[in-house]
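First up is the structure itself, then whatever we jot down about it.
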Amino acid sequence: MEARFTTQAQADQTVLYGHQWQPAKASAQLLIIHGMTEHSLRYQAFAQFLNQQGIGVTSWDLRAHGQTGKATQSLGSAETNQWSLMLKDIQQQLAEISAKYPEQPLFLMGHSMGSFLCLHFLQANHPLLAGCILSGSNYQPPWLCHIAKAFAALECKRQGQNANSAFLDFLFFGRFNRYFKPNRTDFDWLSRDTQQVDLYCQDSLCGFKVSNQFWYNMLSALARLSTHSSFCKLPTTLPFYILGGDQDPLSLPNGLHKLSRQLRSAGIHDVTTAIYPGGRHEMLNEINQQEVWQALYQWLTQHTQPLANVA
């Protein structure tokens, strides 16, 4: 059963809009943190598949995204403390799900920017989780993140925090499509499934420009969370599942393998890496999505017991 919900953020009373999909009888719960310039409803088909397997799913539209951003006329914008507020929102959502389903294993999943939010959150918080899934993620060394952060800082100074820099947009997104010429759309890099790409292009809550301050916030966070000392703050008993395509331009040529090595070097032993040949950025929406969904479900079932005591 699908249900829309709103909840008031404890940090600042912002109204967060989300969706929950619950089967008649659930054996586990999954909280999904969506990616940049998309929204929670894009995970509906995957959530419905998991419901058929007895797993409940919750996701909400992050600040400046989806219905949350639309309601406050803030799509793509950012306050200076917005990243830290999103981390607090994750903590609140996990606590609410745990309180509602106390006997069920709880998993955390983040896609793309959402995966970075998950990593940053888990470096500072060790809730009782059964596992964490990082989809469409990447690893870049801190020095490179600092360089990117400097570009964002310059654009904030040159144009203003609320402006949308064409330079930053090209630097981080514009180059992605060059791997898939001739291009049919500006978002061919998302998936080989043209129908999924078209749905994204037609969605007014997807693919919008973000502000210079948004870029600065995210890149500042990446510079902090990418250090080895930060990875060593992750709960070592928590299982991780890294999901991606080997043609994802975000992580080319070997960002997912680097991420796996970083996790292992931090003392995390249960790291599963699922990298699909030919896959692009959104493996949940790829031409082989059924294969991807089934493999991820198998991993979830393998990790429902026992819970990782990482408190």
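Would you mention how many residues in the range 54-85 are in contact with a strand residue (DSSP E or B) (Cβ under 9 Å, 6 or more places away or on another chain), part of a loop (DSSP other than H, G, I, E, B) and not basic (Lys, Arg)? Final tally of qualifying residues: 4.
The condition (being crowded, with 22+ Cβ neighbours inside 10 Å, at pLDDT 95 or above, of a type in the set (A, V, I, L, M) and not in a strand (DSSP E or B)) is satisfied by just one residue among ALA26, ALA47: ALA47. In the range 258-311, the qualifying residues are those that are under 24 Å from LEU50 (Cα atoms) and small (Gly, Ala, Ser), and the one that is modelled with the lowest pLDDT is ALA308. What single numbered condition from (1) touching a residue at least 40 places away in the same chain (Cβ under 8 Å); (2) under 14 Å from MET1 (Cα atoms) fails to hold for TRP21? Result: TRP21 passes all but (1).
Of all residues in the range 237-271, which are assigned to a helix (DSSP H, G or I), among the charged types (D, E, K, R) and over 22 Å from PHE107 (Cβ atoms)? I'd like the intermediate steps shown before the answer.
Step one: list which residues in the range 237-271 are assigned to a helix (DSSP H, G or I), which gives 255-265.
Cutting the leftovers down to among the charged types (D, E, K, R) gives us 258, 261, 264.
LYS258, ARG261, listed by residue number.
Consider only pairs whose beta carbons are under 6 Å apart and that are at least six residues apart or on different chains; among these, list those whose first residue lies in the range 159-182 and is within 21 Å of GLY279 (Cβ to Cβ) and whose second residue is surrounded by fewer than 15 Cβ atoms within 10 Å (Cβ to Cβ). Close Cβ pairs (under 6 Å, with a partner that is surrounded by fewer than 15 Cβ atoms within 10 Å (Cβ to Cβ)) amount to ASN177/ASN183. Might you check whether a residue that is without any contact (Cβ under 8 Å) to a residue 24 or more places away in the chain and part of a helix (DSSP H, G or I) occurs anywhere in the range 216-236? Checked the range 216-236: at least one residue is without any contact (Cβ under 8 Å) to a residue 24 or more places away in the chain and part of a helix (DSSP H, G or I).
In a loop (DSSP other than H, G, I, E, B), at pLDDT 95 or above and either in contact with an Asp or Glu (Cβ under 9 Å, 6 or more places away or on another chain) or among the small types (Gly, Ala, Ser) (or both): which single residue out of GLN10, GLN20 fits that description?
Going through GLN10, GLN20 in turn, the sole match is GLN10.
Select from the range 92-131 the residues that are of a type in the set (D, E, K, R) and closer than 19 Å to ALA47 by Cβ and write down the one among them that is farthest from the chain's Cα centre (by Cα). Selected residue: LYS100. Candidates LYS88, LYS157, LYS149: the one that is at pLDDT 95 or above, closer than 20 Å to LEU259 by Cβ, assigned to a helix (DSSP H, G or I) and among the charged types (D, E, K, R) is LYS149.
Can you work out which of the residues in the range 171-209 that are of a type in the set (Lys, Arg) and in a loop (DSSP other than H, G, I, E, B) is nearest to ARG42 (Cα to Cα)? Step by step, filter the range 171-209, then rank; the result is ARG192. Scanning the range 121-138 for residues that are surrounded by fewer than 24 Cβ atoms within 10 Å (Cβ to Cβ) and not hydrophobic (A, V, I, L, M, F, W, C) yields a count of 5. Selection within the range 224-258: residues that are among the small types (Gly, Ala, Ser) and in contact with a Gly (Cβ under 8 Å, 6 or more places away or on another chain). The member of this set that is surrounded by the fewest Cβ atoms within 10 Å (Cβ to Cβ) is SER251.
Are any residues in the range 118-141 in a strand (DSSP E or B) and either modelled with pLDDT under 95 or not small (Gly, Ala, Ser) (or both), and if so, which ones?
LEU129, CYS132, ILE133, LEU134 - these are the residues of the range 118-141 that are in a strand (DSSP E or B) and either modelled with pLDDT under 95 or not small (Gly, Ala, Ser) (or both).
GLN289: buried (at least 18 other Cβ atoms within 10 Å of the Cβ), out of contact with any Asp or Glu (no Cβ under 7 Å at 6 or more places or on another chain), closer than 18 Å to GLN196 by Cα and not aliphatic (A, V, I, L, M), yes or no? Full working, then the answer.
Working: buried (at least 18 other Cβ atoms within 10 Å of the Cβ): yes; out of contact with any Asp or Glu (no Cβ under 7 Å at 6 or more places or on another chain): yes; closer than 18 Å to GLN196 by Cα: yes; not aliphatic (A, V, I, L, M): yes.
The answer is yes for GLN289.
The values are calculated or read from the model by the stated rules, or taken from the named source; none is laboratory data. Please read all numbers here as calculations on a predicted model, not as lab measurements. Neighbour counts run over all protein chains shown; Cβ positions are idealised from the backbone, glycine included.
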